[in-house]
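One structure below.
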Amino acid sequence: MSGESTVVAPPAQRASVASLVSGRRARLAWTLIAVAAGLLVFSAVRVITGAQDLTSAGAFGAMLTAAVPIGLAGLGGLWSERSGVVNIGLEGMMILGTWGGAWGAITFGVWGGVIVGALAGAVGGLLHALATVTFNVDHIVSGVAITILGTGAARYLSSFTFAKMPGGGVTQSPYLAQLPRFSLPGVDHLDGLERRHWFLISDLGGIVRGLLTNVSALTVIAILLVPATYYVLWRTPFGLRLRSCGENPRAAESLGVNVYLYKYLGVVISGGLAGLGGAFLSMVGSSIYREGQTAGRGYIGLATMIFGNWRPGGLAAGAALFGYTDALQLRGGSDSVHGLLLFITIALAAIAVYQLVRGNRAVGIASLVIAALAAIWFGTTRQLPIPFVQAMPYVVTLVVLALASQRLRMPAADGQPYRKGGD
Amino acid sequence: MTSRFDIRRVLPSVIAPIAAVLLAAGICSLILISSGKNPSVAFGAMFDRAFVGEASPATLTNIINKSTGYYLSAIAVAIGFRMGLFNIGVDGQYRLAAVLAGGLGASSMVAWMPGPLQILTVIIVAMVVGGIWAGIAALLKVYRGVSEVISTIMLNFVSGSILAYLLTTDRLGVIAPGGQLITSRPLPADTHMPNFTHLTGTSNRIVGFTLIAAALGFAYWFLLGRTRFGFDLRASGLNASAAVASGVNAKRMIVMTMVISGGVAGLVGLPDLMGHDYVVYTTIGGLGFTGIAVALLGRNHPVGIAFAALLWAFLDESRFALDLQDIPKETIVIMQGVTVLVVVVAYELAARISRRQQQRIVGQATGETQATPAPVGGA
């Protein structure tokens, strides 16, 4: 871990500003190289397997829609855990958000839906904060209770609201009005480029068109929330104080930070973000509230946050991964996912080589074995059964966690009880 | 202070759940009043349906049958809880176990065995499947440092996909008679678990699995309270580093606890499979999460969990009573959620009060006139 992520670095570890900047630049350069290499392999896989949907505009548009709620839940988890409170109640707060979004949209108009959805999630966050911060209940325990309560509350509230509306019922709302959508002018012309199926160029065309056409306003807001979170948490005194509560609340307390207040703020904002993710699901994802709509996305958001090492950038990458496999599966892409298998084989082989070079024999051989299995699987089948396609993101997450978890670092005091002035 | 049953220590932990359930009932009353319903009518109808009215025998049978699954699930969760492990994956473990064990029970592979041996085989296979599925999370935690909370959640999703793959007509599934529903192949009569005779006034029977659940509750109590393994387990849960320092092999404990928890979880689907439905439906699931709530309510104690499971099943069954009174049956889920949240807060407060009392007792015993008050902030 570089010095910048620890809040109170001991003098010995404190890197000079110059080396810090160069470290960040090096990391940025490596990220860009990895993205470029991934893209190259990706379009090669598309050309080899003929699974055109792998980089189509449709797939990437669907990816964005699928990734946003997961990413918002992940951001919610980030705010909460950075303040030191584990939030496994994200799922419940998201459920509250789906109801709030739909009800708000019907009662106050579309933007009302966005606000009410976020507020409904924030109420769940407030309850979680009350239980964990004020009453010191175990964080996981409280989170599970919040999820049960959120499920019940959404169903109960629906029985009073949607059940009495035409076209609605206890388990679903009437159709909702749509938020405005945007397209970048001119991008539509890339369609022609995409249909040529040229190596790399058509892939780029498809990806750019998919990401920049017919994008919902809430998607834009959600994407902007990622750098905004980074800025607030890592570049402002407020963020430093909030993170210090997650790293070492006693030290924060001794510096005059009101730890309770910051934990409350972290968890309430966390709930608001999860609620926004829920509102996105009902308002943009399907333009209707349906019971059970979240389908565990709160938990997946939590996984993306860990996947991203408790940082907004990695979290967004994790959400994109989940969104992408989700999108392929939604588009009935058992061909595409079969192609993805080849990509995974190549990626795992690369990881294996990297680990072997670094002398990590056990991990390297394990990756190599999995890569070989994936290659055999790819070679002996022509399609994957849809259930395996559905399981793919979860398996990928497990593999990534298994390979990389030693390098992950959660906030030092995450999930630990805290009492003011306690010993 | 030397007595094991110090009333001042025990009292808060007995009063807390009762007070919490009453408080939860109060909050639910307020919710009912605010939506224009009379809480006394609601609670009266719930009580009548279960204990007085014509529907009482059938309702009681359903309550006991449902609570059997809840009890098993909660015990599975509680085993992990006592060691500070969160097995959120009971749901995935029992679904996979039920499908595979049910598939085996309905296949020709066990048909040559005498009936009781078939039943035993199905039960053991279910436990092994659950144990292995939980074992994956344990190995990931021990060797790769992956949090079991996340890995078990991921494994839940994966097992859902495996279930969807297996329960198709090409593989373990058949189309249920008279419908388009796909279920697993029905178990032959040999693998049906014997049930109790029915109560007067209903044809529903209490499932025989209730006895196994009760025996398992006793085994849980014995394992944790009366064996070295149980002592090590609780020690690891209370203070992991102290346990390691006193010679507990932390890795081994994690793997064993998780596998035992998963093994018990494997049984969760069996009361329905072997005593009631004799098939596995594609909609199977959810009991794992209920188990977490029930374990919390019952405070990880075998008797407490039994009461909690019965309470939860009673609330479940009460939805029909509310429906008849024209009160939205969704109120029940609110009641369950409020109860869990209030109860966990109450336990925390009770623990704090009893801690402060003990400090005072220690202070008096050591001759100090005034014990240092425990910090209370933010409340």
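The values are calculated or read from the model by the stated rules, or taken from the named source; none is laboratory data. Computed from a predicted model, the values in this text were never measured in an experiment. Cβ sites come from the backbone with ideal geometry, for glycine too, and all protein chains shown count toward neighbours.
Descriptive notes on the structure:
- From the list A:G266, A:G272, the one residue that fits, being under 18 Å from A:D414 (Cα atoms) and more than 14 Å from chain B (Cβ to nearest Cβ), is A:G266.
- Residue match in region A:371-378 (condition: within 13 Å of another protein chain (Cβ to nearest Cβ), farther than 30 Å from A:W310 by Cβ, of a type outside the set (S, T, N, Q) and touching a residue at least 24 places away in the same chain (Cβ under 8 Å)): no
- Matching residues in region A:80-133 - criterion: being of a type in the set (V, I, T) and either in contact with a His (Cβ under 9 Å, 6 or more places away or on another chain) or over 18 Å from A:V144 (Cβ atoms) (or both): A:V85, A:V86, A:I88, A:T98, A:I106, A:T107, A:V110, A:V114, A:I115, A:V116, A:T132
- Positions within region A:137-170 being part of a loop (DSSP other than H, G, I, E, B) and either in contact with a strand residue (DSSP E or B) (Cβ under 6 Å, 6 or more places away or on another chain) or at the interface with chain B (Cβ under 10 Å from one of its Cβ atoms) (or both), in sequence order: A:V137, A:D138, A:V170
- Checking A:A391, A:A352 one by one, the residue that is touching a Gly at 6+ places or on another chain (Cβ under 7 Å) and either closer than 28 Å to A:A51 by Cα or among the hydrophobic types (A, V, I, L, M, F, W, C) (or both) is A:A352 and no other.
- Just one of the numbered conditions (1) among the aliphatic types (A, V, I, L, M); (2) modelled with pLDDT under 95; (3) under 17 Å from A:A317 (Cα atoms) is not true of A:L78: (2).
- Segments classed as helices (runs of 4 or more DSSP H), wholly inside region B:229-322, with at least 3 members that are crowded, with 21+ Cβ neighbours inside 10 Å and in contact with a helix residue (DSSP H, G or I) (Cβ under 7 Å, 6 or more places away or on another chain): B:250-265, B:270-275, B:287-297
- Restricting region A:306-320 to residues that are within 13 Å of chain B (Cβ to nearest Cβ) and either modelled with pLDDT of 90 or more or part of a helix (DSSP H, G or I) (or both) leaves a set whose member that is surrounded by the most Cβ atoms within 10 Å (Cβ to Cβ) is A:G318.
- Within region B:319-341, the only residue that satisfies the criterion of being more than 7 Å from chain A (Cβ to nearest Cβ), of a type in the set (A, V, I, L, M) and free of Cβ contacts under 8 Å to residues at least 24 places away in the same chain is B:I332.
- Region A:381-402, residues that are facing chain B (nearest Cβ under 8 Å), of a type in the set (A, V, I, L, M, F, W, C) and under 20 Å from the mean Cα position of the chain (by Cα): A:A391, A:V395, A:L398, A:L401, A:A402
- B:D326 being farther than 23 Å from A:G92 by Cα and of a type in the set (D, E, K, R): yes
- Test result for A:V133, within 11 Å of chain B (Cβ to nearest Cβ) and closer than 25 Å to A:A303 by Cβ: yes
- Checklist (1) under 22 Å from A:G318 (Cβ atoms); (2) within 14 Å of another protein chain (Cβ to nearest Cβ); (3) not basic (K, R) applied to A:T345, failing item: (2)
- Region B:157-176, residues that are among the hydrophobic types (A, V, I, L, M, F, W, C), within 10 Å of chain A (Cβ to nearest Cβ) and assigned to a loop (DSSP other than H, G, I, E, B): B:L167
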